[in-house]
Every structure is written in C-alpha cells, then in structure tokens.
1. Taking the residues in the stretch 125-135 that are within 14 Å of ligand 2 (Cβ to nearest atom) and basic (Lys, Arg) as candidates, determine which candidate is nearest to His212 (Cα to Cα).
2. Condition first: charged (D, E, K, R) and under 25 Å from Ala335 (Cα atoms). Now tell me which residues in the stretch 396-450 satisfy that.
3. Any chance the stretch 111-124 includes a residue that's free of Cβ contacts under 8 Å to residues at least 40 places away in the same chain, away from ligand 2 (no atom under 15 Å from the Cβ), more than 11 Å from Asp169 (Cα to Cα) and within 27 Å of the chain's Cα centre (by Cα)?
4. Looking at the structure I just gave you, is Glu405 acidic (Asp, Glu), under 32 Å from the mean Cα position of the chain (by Cα) and open to solvent by less than 60 Å² (accessible area, probe 1.4 Å)?
5. Among residues belonging to the stretch 92-110 that are open to solvent by less than 30 Å² (accessible area, probe 1.4 Å) and more than 10 Å from ligand 2 (Cβ to nearest atom), point out the one that is nearest to Phe235 (Cα to Cα).
6. Hey, among the residues in the stretch 111-137 that are within 14 Å of ligand 1 (Cβ to nearest atom), part of a helix (DSSP H, G or I) and open to solvent by 60 Å² or more (accessible area, probe 1.4 Å), which one's farthest from Asp156 (Cα to Cα)?
7. Counting just the residues of the stretch 399-423 that are in contact with a Leu (Cβ under 8 Å, 6 or more places away or on another chain), in a helix (DSSP H, G or I) and in contact (Cβ under 8 Å) with a residue 40 or more places away in the chain, which one comes out farthest from Leu382 (Cα to Cα)?
Amino acid sequence: MAKSKTVFYCKECGYETTKWMGQCPGCKQWDTFVEEPVAKKTIYSNTGIKYPEPELLSEVTTTQEERINTGIGEFDRVLGGGIVTGSLVLVGGDPGIGKSTLLLQMCRELSAKGHKILYISGEESLKQIKLRAERLGKFEGELLLLSETNLDRIDDTIQKLSPEVVIIDSIQTMFKEEIGAAPGSVSQVRETTGTLMRIGKGLGISIFIVGHVTKEGVVAGPRVLEHMVDTVLYFEGDNSASYRILRAVKNRFGSTNEIGVFEMRNEGLAEVSNPSEYMLQGKPEGEPGSVVAASLEGTRTILVEVQALICQTNFNMPRRTAAGTDYNRVNLLMAVIEKRLGVHMSGMDAYINVAGGMRIYEPALDLAIVLAILSSYKNKELDSKTICFGEVGLTGEVRAVNMPEQRALEAAKLGYETCILPQVNKETIKNPKIKLIGIRNIREILNLLK
Ligand code: TYD
Ligand code: MG
C-alpha cells in the first residue's frame, strides 16, 4: 500500500518542510514541527466570486473606505475608527480571556443599530451562547447565530444570507473536508483562513476570526495566519486582574499604537476610558516605597503605581522579585544604586511590584523603580502629589524618554502637582501645567525624599 504523503509544519509560524527538524528555520522556535497530511489543492469554484481584472493605477478611485462603528469606543479606537468593509480581523488571546464576550458585545451593539450580523461558533452550542448573552444584558436587534464547524457549509450560509459582519469563533475548530488534517492543524487553519479571506474580500463582508494562543499541543497558533489577515488584535490581561487590554499588532487600516482598555465584570466587559484612574485605585497615601510613574501604552499615557519593599535579607543570597516589570532591569538598577549612590543593596531583599496588574517593560519606568527602592530603603516617602518618569543609565545618568509633554499633561489632568523628569525632557516642555523638576543624575533624587 502506498504510504499517504505527509509534510511537517511549524505550528508557530506555519513553516513547511518534508523532514522533521528540531528548530524551525522560520521562527527559530524549538520542537514546533508537527506531521500532517499534504494539503490537497482546493478548487474555489464554489465561492462564486468573479476574478478581478487589472486596473490602471490612475483609474483606481480612492474614496474613503467605509467604516462601521462597533458602538464600543475602545474597540473602534484600536481598529482605527471602526470596522472597514471587507476586512479580515484576527482577535487572538489566551483561552478564557474574553474574546467571545467582546465579540458578542460588539454583535449586540451592531445588531441594535440594524446591521446584519452572523455569529458562528464552533466551540459553543447555541444554548451556551444564549446563556452568555443573557449575562450581557438585553439584545435589541436581530442577531443570527450558527453553531457549525464545517467551512463549506459556513461558506454556503454566508453566501445565502450575505451579512455585513461575520464572527468565526474560533478558527481552530473550523475545518474543510477535503483537507485530511484535523481541525486546528496548520494546514486546516491556513486553508480555512484563506477561504474566509476570499469570501470576505469577494462579497465585501467584514470577518472577525477568533484565534486561541496556544503554548503547547498540536493546535496551530494565530501566528500562522497573522500575515494573511488585515488586522491582528491581541486581547491580553492577567487572570488575577480584571482589566483587559486590546492591542493592535498589525493594522492595514490604522495605527498599531492604539490600545483599548476594558474591565471584565459580571455582566460583561466595560470600557475603561480613563485607565490611569483605574490603575491608581487603592493607592496608599504617604507610604514609603510607593511612587507613581507615567508610562506609555501605544500613544496613551497611563499612570501606574510602582511599589518597592526593601528589607534586610535572611538568606545567603538576597531574594529579588519583580511583578509587572523586567526582573533583570530591576537587578541592574539596584546595582547602579549600589555603585553610584553607595547605598548598600547587596544584603537586601527587594520586592518590586507594578500595582494593578499591568506589565510595563518601558525604560521610562526606571526612575520610578529607583525612587521606590530608595524610598523604601530610607523609609522616607515621596510627596504623594508627585509623579516621575525617565530612563536610568549605567552611570546613574537620567536619560530622556519620548513624549514627555503628554506624560506631564496626563499627570496634571489627574491632579498631580509635581513631575520629576529628565532635565533634557524638561527643556522641551513649553507649557507645563505642573511643576517640573528636571534631574540629570540619580544622585539628585536623594534630596527629594522627605
Ligand atoms: P470568554 O469570552 O468565553 O473567553 P474566550 O472566548 O477568550 O475564551 O470569557 C470567559 C471568561 O470571562 C470566563 O472565565 C468568565 C468571564 N466572564 C465574566 O467575568 N463576565 C461575563 O459577563 C462573561 C460573559 C464572562
Ligand atoms: Mg471563546
């Protein structure tokens, strides 16, 4: 009997080879190859789409692309001002983070405005979707639901109904019969996305695809299809914290600098239009070791509280932890403090925490970490109406960061009175609404602690 032909795919990036390999030459990940049957060439005659003819560049009209507002401001912001007709959007994220909830809420808003929406779930029965919908509140419009995983049947349904927006939840459950591989395999995920792309572009339907991020198992991750879609959004957050961030990592119709902030409540996702206030909830007043920093997420300034607890160690090796920021960076900053300020850090345990569950890896947070460490070490608090930002170099110099004015303005808006920032940045701010203290070296900050 002839052996059925198989190939190996990288389940991270979709790289294809005939032999198994330990490391993927495409994405350099280890142990990501899975064996799958060769994908049969599919014929797309049944999609009923006309082949386009070449057109002259000079004759192509550039009417503004049409956009539909989702009715969720934070979502529109990330999409670049609404859903573009005919666009293919991937919404990725860990299982349970709230992708289905977000999209169902979007469907509610859109259908209430009279748009024709089709929500296709391959993961949940209609009953389960109904239960979730009941949790979210009243659905006024007409929303069409379908529980189906066979893409050919989905294709027929879409052609028949021609809705304006289709949700596919999730791509890892969808399959085409003519491809021998299991749902969720690289070839299935690629082929089904390809078909959806042709349907969407051909009929001018906007399609949202849900993709689970997977670390293990044989299910293909969303990276396999990132290059095929127009927009890639990732929904992130901590399971322990209730806030969620929607981030665009690729967007053919808008900026990738925008983020949307949501809070997961009992009755669904609520928009957080002022993330700073949200992040600073419950901040202690006048406590040593607590400092507010102005950090940037995309183009948005978010004020966060950085906490440090420094105490004498009981171990041979001092313990250090960093929650919400880079552990190595914290170690480096402690070494800088030890060497440049002569503060004895090597015998100290240090626990650093960015409160609120945010994760911030921006160097602009350095100054806040240094201040928090020194404040806790000296047991002296920083004035509670003060914020700071700035990068700290190895000689203890405080270096400029981007968008200083915006950071200072956000702080002023929230009632902060003083801003500690790099001297170079201070000179560029024309109209501060807040008192600025420019510093050149971390040596100068010792005087700022009461
Ligand atoms: P879900 O949208 O099913 O996640 P995903 O589609 O990304 O896998 O969200 C599931 C989680 O959200 C679940 O743990 C329960 C929680 N949740 C709420 O807290 N409030 C709600 O109103 C809903 C619908 C879900
Ligand atoms: Mg889901």
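1. So, considering only residues that are within 14 Å of ligand 2 (Cβ to nearest atom) and basic (Lys, Arg), the one nearest to His212 (Cα to Cα) is Arg132.
2. Here is the first cut: in the stretch 396-450, the ones charged (D, E, K, R) are 397, 399, 405, 407, 410, 413, 417, 426-427, 430, 433, 435, 440, 443-444, 450.
Of everything in the stretch 396-450, those that are charged (D, E, K, R) and under 25 Å from Ala335 (Cα atoms) turn out to be Glu397, Arg399, Arg440, Arg443, Glu444, Lys450.
3. Of all residues in the stretch 111-124, those free of Cβ contacts under 8 Å to residues at least 40 places away in the same chain come to 111, 114.
Retained after the next criterion (residues that are away from ligand 2 (no atom under 15 Å from the Cβ)): 111, 114.
With more than 11 Å from Asp169 (Cα to Cα) added as a condition, the list becomes 111, 114.
Right, trim to within 27 Å of the chain's Cα centre (by Cα) and you get 111.
Among the residues of the stretch 111-124, at least one is free of Cβ contacts under 8 Å to residues at least 40 places away in the same chain, away from ligand 2 (no atom under 15 Å from the Cβ), more than 11 Å from Asp169 (Cα to Cα) and within 27 Å of the chain's Cα centre (by Cα), which makes the answer yes.
4. no
5. From the stretch 92-110, those open to solvent by less than 30 Å² (accessible area, probe 1.4 Å) are 92-93, 97-107, 110; that's our starting set.
With the extra rule that they be more than 10 Å from ligand 2 (Cβ to nearest atom), the set shrinks to 92, 105-107, 110.
Details: Gly92: 6, Gln105: 15, Met106: 14, Cys107: 17, Leu110: 20 Å.
Among them, the one singled out is Gly92.
6. First pass over the stretch 111-137, keeping only residues within 14 Å of ligand 1 (Cβ to nearest atom): 119-125, 128-137.
Restricting the remaining residues to those that are part of a helix (DSSP H, G or I) gives 128-136.
Checking which are open to solvent by 60 Å² or more (accessible area, probe 1.4 Å) leaves us with 128, 130-131, 134-135.
Values: Gln128: 24, Lys130: 24, Leu131: 27, Glu134: 29, Arg135: 31 Å.
Of everything passing the filter in the stretch 111-137, Arg135 is farthest from Asp156 (Cα to Cα).
7. Gln406
Here is a yes/no grid of residues against (1) closer than 18 Å to Leu102 by Cβ; (2) at pLDDT 95 or above:
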site: Leu118; (1), (2): yes, yes
site: Arg135; (1), (2): yes, no
site: Gly141; (1), (2): yes, no
site: Glu148; (1), (2): no, no
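The values are calculated or read from the model by the stated rules, or taken from the named source; none is laboratory data. Predicted model, so just to flag it, every value in this text is computed and none were measured. For neighbour counting, all protein chains shown are included, and Cβ atoms are generated from backbone atoms with ideal geometry for every residue, glycine included. Only protein heavy atoms, including side chains, enter the accessible area calculation; ligands, DNA and RNA are left aside. Shrake-Rupley method; radii C 1.70, N 1.55, O 1.52, S 1.80 Å.
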